[in-house]
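Each remark here refers to the structure printed beneath this line.
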Amino acid sequence: CVSPNRLAEYYVGEADRGCVAKLEYRIEAWSAFWMKLEGADLTPYFMLAFDVRAEPEWGIPGHIKIELKRDCHLEDHVTKCNEVSIYYVSGIEDRWRRIYVPLGHFVHTGWSDVGPLSSYVDMHELVFVFEAGPSGRHGVVFLDNITFGP
C-alpha cells in the first residue's frame, strides 16, 4: 500500500550555500518535514528565521504551515501535552527569500483537543506542513539557515 501523502527529504549542494534541505512532496491531504528541538528553551529568542525557495516547474506553494510543538511534561501531578501553535508563511518564490516570523505571531490551532503554547520552554518540534489546498498537491521546496534569534 502506497500512501497518497508523501514527502521525500534530500540534502543537496547549492551554489554559494553548501548543503540545503530539498523537500519534494506529492499529497492528497498533507505531509510534513519536522525537526526535533530536544527540549530547547526558546524564551531568549524573539524570532524564527529561515531561507526558502521553490521550483516553479513543480508549482510554488501559496502557503506553508509552520508548527511549534511543546513536549509533554508532568506539572502538579498532571501530564500536560499536545501544545501546538501555528503560523502560515506565504510569499514563497522561485528565488531564495529570508522569512522572519516573530514567535508571538504563532497562534492557537483552534483544535479542541490541542492547547496553544503555554511557554517556550521544553520545545519538542518545529514542523513545516504542506497542505493540499494552500501548498498545492505537489511541489519542491528548499530550506536553509533555519534559526531562532533575538
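The values are calculated or read from the model by the stated rules, or taken from the named source; none is laboratory data. What you see is a predicted model, and the numbers here were worked out from it, not measured in a lab. Glycine also receives a Cβ, built like all others from the backbone with ideal geometry; neighbour counts cover every protein chain displayed. The accessibility values were calculated without ligands, DNA or RNA, using every heavy atom of the protein model including side chains. Shrake-Rupley method; radii C 1.70, N 1.55, O 1.52, S 1.80 Å.
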Picking from Tyr25, Tyr10, the residue that is assigned to a strand (DSSP E or B) and touching a Ser or Thr at 6+ places or on another chain (Cβ under 7 Å) would be Tyr25
Next on the checklist: I'd like to check something: does the range 140-149 contain any residue that is free of Cβ contacts under 8 Å to residues at least 60 places away in the same chain and of a type in the set (Ser, Thr, Tyr)?
Outcome noted: no
Restricted to the range 9-36 and to residues being open to solvent by less than 30 Å² (accessible area, probe 1.4 Å) and among the hydrophobic types (A, V, I, L, M, F, W, C), the residue farthest from Arg95 (Cα to Cα) is Ile27
Subset of the range 53-69, residues touching a Phe, Trp or Tyr at 6+ places or on another chain (Cβ under 7 Å) and either over 15 Å from Arg26 (Cα atoms) or open to solvent by 50 Å² or more (accessible area, probe 1.4 Å) (or both), comes to Arg53, His63, Lys65, Ile66, Leu68
Residue set Ile99, Ile86; condition in a strand (DSSP E or B), within 29 Å of Pro4 (Cα to Cα) and modelled with pLDDT of 90 or more; output residue Ile86
Pairing a residue in the range 116-127 that is closer than 11 Å to Glu67 by Cα and among the charged types (D, E, K, R) with any residue that is open to solvent by less than 60 Å² (accessible area, probe 1.4 Å) and assigned to a strand (DSSP E or B), where Cβ atoms lie under 7 Å and the two sit 6 or more apart in sequence or on different chains, gives Glu125/Met35; Glu125/Leu37; Glu125/Lys69
Counting only residues in the range 118-150 that are in a loop (DSSP other than H, G, I, E, B) and open to solvent by less than 50 Å² (accessible area, probe 1.4 Å), the one farthest from Trp30 (Cα to Cα) is identified as Ser119
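Residues His105, His124: which one is farther than 18 Å from His63 by Cα and at pLDDT 90 or above?
Answer to the selection: His124.
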